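Below is one structure, written out as structure tokens; comments come after it.
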Amino acid sequence: MNEKTKAALLMLLYCIAAASNVIFLSQILKSFNPQSLLFFRWLIVLVILVPIVIKKEGINFPTGKNLILLIIMGITSVVLGNLFAFKAYETTSTINIGFIGALATSITAILSGIFLKEKFTLYKVIGVLLAFIGVIVTLVGSDMNILLDFNLKKGDIFIFLSTFVNCVYSILGKKVSHSGSPTSIVMYSTLFGWLCFIPIGISDVHIPNDISIKLVLFVLYTSIVATLLTRWIFMKSIKYLTASEAAIMTNNQPILTALFSFLFLGVSIGYQHFIGWLIITLGVLFFYKIIKLPIKNKKNVTN
């Protein structure tokens, strides 16, 4: 198994870890406000990563261009992406959030072509389109009137901004992926983002009065598995995948989120979720050219 295949499989694990967070997040937000969760979640990540990085790699503080990129990664991923998403959930529907969030693959592909000089091929275009259609089918099903009733709201702008800055994080992650270990990159970008959050959000950070063992375990899960592990997997995978390849793999997350919601939260799951997942999988297979179009190369025939 080559490194690229291993990276693709890791991105599937990324989707599982990120999707499973839906089980715990709704319960955590009953006790924590979004700013408090953001503060403590990333603090836990730092408490774990800082001693690991110091012990294994020492204090190798980034400089120059890498320092700037890591600061921007922290601001986009830790601060802006989360705050925009929290704001969106307050002012728009989950349907609209799903539609706009599904643009991530396309946005990443465009940014990759502009800033990383990744080539646009027919198979990549087909893969991106199929993945986007699969997400839409998952969210809409047979009720196509939802598309016609799509109304732009204030929250729609926020979820687009959240999606966009997370795509920027992906692009920058590719740029710095060879500047250090995945662990140190995640640690430094998290540190810079967390420090940037303190002056703008610390006044809203509060410790809940009713802290239970269950709540602590939920917060640890969302911090360690859904945050630290997913960031580490991404930085590990992006060394061997292009930014657009990593993005196309994350389109498996909506169907996994639906599956976890069905199994643990009692949310109904319909045939459209399975059809959507099949279309997304087909898109991934086209993107990696595992499935190819039946086009025959014309050979020159000499008499």
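The values are calculated or read from the model by the stated rules, or taken from the named source; none is laboratory data. As the structure is a prediction and not an experimental result, all values here were calculated from the model. Using ideal geometry, Cβ is built from the backbone for each residue, glycine included, and neighbour counts are taken over all protein chains shown. Only protein heavy atoms, including side chains, enter the accessible area calculation; ligands, DNA and RNA are left aside. Shrake-Rupley method; radii C 1.70, N 1.55, O 1.52, S 1.80 Å.
Give LEU148, LEU139, LEU161 a once-over and let me know the one that is touching a Phe, Trp or Tyr at 6+ places or on another chain (Cβ under 9 Å) and either open to solvent by less than 20 Å² (accessible area, probe 1.4 Å) or at pLDDT below 80 (or both). Show your work before the answer.
Numbers: LEU148 fails: touching a Phe, Trp or Tyr at 6+ places or on another chain (Cβ under 9 Å); LEU161 fails: either open to solvent by less than 20 Å² (accessible area, probe 1.4 Å) or at pLDDT below 80 (or both).
When all the criteria are applied, what remains is LEU139.
I need the helices (runs of 4 or more DSSP H) fully contained in the range 1-99, keeping only those with at least 2 residues that are at positive phi.
Numbers: elements: 3-28, 34-57, 64-74, 81-91.
Output list is empty.
Being open to solvent by 40 Å² or more (accessible area, probe 1.4 Å), under 23 Å from CYS196 (Cβ atoms) and either basic (Lys, Arg) or out of contact with any Cys (no Cβ under 8 Å at 6 or more places or on another chain) (or both) is the requirement here; does LEU25 meet it? Please lay out each step first, then the result.
Details: open to solvent by 40 Å² or more (accessible area, probe 1.4 Å): yes; under 23 Å from CYS196 (Cβ atoms): yes; either basic (Lys, Arg) or out of contact with any Cys (no Cβ under 8 Å at 6 or more places or on another chain) (or both): yes.
It is true that LEU25 is open to solvent by 40 Å² or more (accessible area, probe 1.4 Å), under 23 Å from CYS196 (Cβ atoms) and either basic (Lys, Arg) or out of contact with any Cys (no Cβ under 8 Å at 6 or more places or on another chain) (or both).
What do you reckon, is ASP156 loosely packed, with under 15 Cβ neighbours inside 10 Å and either closer than 27 Å to MET73 by Cα or modelled with pLDDT under 80 (or both)? Before you say what the answer is, go through the steps one by one.
Details: loosely packed, with under 15 Cβ neighbours inside 10 Å: no; either closer than 27 Å to MET73 by Cα or modelled with pLDDT under 80 (or both): yes.
Taking the combined requirement at face value, the residue does not satisfy it.
Got a number for residues in the range 47-68 being closer than 14 Å to THR190 by Cβ and touching a residue at least 12 places away in the same chain (Cβ under 8 Å)?
6
Please verify whether ILE200 is modelled with pLDDT under 95 and of a type in the set (Val, Ile, Thr), treating the condition exactly as stated. Step through it out loud before you land on a result.
Details: modelled with pLDDT under 95: yes; of a type in the set (Val, Ile, Thr): yes.
Against the criterion (modelled with pLDDT under 95 and of a type in the set (Val, Ile, Thr)), ILE200 qualifies.
Could you run through the range 1-59 and say how many residues are farther than 19 Å from LEU259 by Cα and small (Gly, Ala, Ser)?
So the answer is 5.
Taking the stated definitions as given, is ILE16 under 17 Å from the mean Cα position of the chain (by Cα) and farther than 30 Å from ILE213 by Cβ?
Judged against the criteria, ILE16 is not a match.
State which residue is most open to solvent (accessible area, probe 1.4 Å) when the search covers only the range 259-278 and only residues that are in contact with a helix residue (DSSP H, G or I) (Cβ under 8 Å, 6 or more places away or on another chain) and not in a helix (DSSP H, G or I).
My answer is SER268.
Scanning the range 54-91 for residues that are more than 18 Å from GLY193 (Cβ to Cβ) and of a type in the set (S, T, N, Q), which turns out surrounded by the fewest Cβ atoms within 10 Å (Cβ to Cβ)?
THR63
Can you name every residue in the range 268-283 that is of a type in the set (Val, Ile, Thr) and in contact with a Leu (Cβ under 8 Å, 6 or more places away or on another chain)? Reasoning before the result, please.
Residues of the range 268-283 that are of a type in the set (Val, Ile, Thr), as a first pass: 269, 275, 279-281.
If the condition is that a residue be of a type in the set (Val, Ile, Thr) and in contact with a Leu (Cβ under 8 Å, 6 or more places away or on another chain), then ILE269, ILE279, ILE280 are the ones that fit.
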